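Enquirer: Attaching a single structure in structure tokens format; questions to follow.
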Amino acid sequence: SNPLLRQLYFRQALQSSIDQSSLITGLYGRAAYPNWSAVPIQPSSVFSTGLSNPYPFNVVRAKKYLTDNGWTVPTRGVATCTKDGGCGAGVIKGARAEFSYTYFAGVPLTEQRLILERTSWARIGIQVNLIAIPKIDRITRECASGSKGTSWQVCELAPWAYFPDTYPSGETLF
């Protein structure tokens, strides 16, 4: 696994650089709601009461998460860890802010969203290599926890399938 993804500050930078409002308006035609939790904010419920976005969209803050932790973020290109001793557990000096993102290729809207998110992450110096897998059984095997020979770093499985689900769980319900 990629040690970058174990760093809280790195995940905070990723989340803070995504403009959910623009994605919802431009990509989903306003047929979605912002979300930042495993519990959906809409429809409101006893589970979502009092939740607020801990990492709202803010590109300046997203870059600061990186620079505060030893990264040099160029105007264009990939950020590099320039801190002596590294930028967190397992992140050595000279490391590049880069990871792979494996996803199921059968949903055009997912691919469009990931391309837009990759563009957002590139603005703060993070390079994301998208890997599309077109077969549902293959992506399930590729992303299975503990499977030998898998190389995924971030993995988004196929869309949610309906089951009698009694609690809000945050999956895409399209």
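Enquirer: Please give the per residue accessible area of the stretch 5-93, computed with a probe of 1.4 Å over protein heavy atoms only, in Å². Please report the intermediate quantities before stating the final value.
Expert: Details: 5290 Å² over 89 residues.
Accessible area per residue, the stretch 5-93: 59 Å².
Enquirer: If you don't mind, there's one more thing I want to ask. Using amide H atoms built in the peptide plane, which far-off residues or other-chain residues are under 5 Å from TRP71 H to H?
Expert: It is THR82, by chain and number.
Enquirer: Excluding TYR101 itself, what net charge comes from residues whose Cβ is under 14 Å from its Cβ, given Lys and Arg +1 and Asp and Glu -1? Walk me through the intermediate numbers first.
Expert: Working: positive: ARG11, ARG113, ARG118; negative: GLU98, GLU111, GLU117, GLU142, GLU156.
My count for the surroundings of TYR101 gives -2.
Enquirer: Around LEU130, which amide H atoms from residues at least 5 apart in sequence, or from another chain, sit under 5 Å from its own amide H, with H modelled in the peptide plane?
Expert: Residues meeting the amide H criterion: TYR101.
Enquirer: Given a Förster radius of 22 Å and the C-beta distance between SER1 and ALA144 as r, what FRET efficiency does 1/(1 + (r/R0)^6) yield to the nearest 0.05?
Expert: On the way: r = 14 Å, r/R0 = 0.64.
The pair SER1/ALA144 has a calculated efficiency of 0.95.
Enquirer: Can you give the local net charge around LEU4? Use residues other than it whose beta-carbon is closer than 13 angstrom to its beta-carbon, Lys and Arg +1, Asp and Glu -1. All intermediate terms of the calculation are to be shown ahead of the outcome.
Expert: Working: positive: ARG6, ARG11, ARG96; negative: GLU98.
Here the charged neighbours net out to +2.
Enquirer: Taking only C-alpha pairs under 8 Å that are 6+ residues apart, what is the relative contact order of the stretch 62-103 in percent?
Expert: 28 percent
Enquirer: Please report the antiparallel percentage of DSSP beta bridges with both residues in the stretch 66-145, rounded to the nearest 5.
Expert: Numbers: 3 of 10 bridges.
Percent antiparallel among DSSP bridges in the stretch 66-145 is about 30.
Enquirer: Gain in length, THR119 to SER22, computed as 0.36 nm per residue apart minus the alpha-carbon separation, to one decimal in nm?
Expert: Values: separation 97, 0.36 × 97 = 34.92 nm, distance 1.32 nm.
Going from the current span to full extension adds 33.6 nm.
Enquirer: Using a cut-off of 13 Å between beta-carbons, work out the net charge of the residues near LEU130 (Lys and Arg +1, Asp and Glu -1, LEU130 not included). Working shown, then result.
Expert: Values: positive: ARG113, ARG118; negative: GLU98, GLU111, GLU117, GLU156.
Charge balance in the 13 Å sphere: -2.
The values are calculated or read from the model by the stated rules, or taken from the named source; none is laboratory data. Please read all numbers here as calculations on a predicted model, not as lab measurements. Every residue, glycine as well, gets a Cβ built from its backbone with ideal geometry; the counts of neighbours run over all protein chains shown. Please note that ligands, DNA and RNA were not included when accessible areas were found on the heavy atoms of the full protein model with its side chains. Shrake-Rupley method; radii C 1.70, N 1.55, O 1.52, S 1.80 Å.
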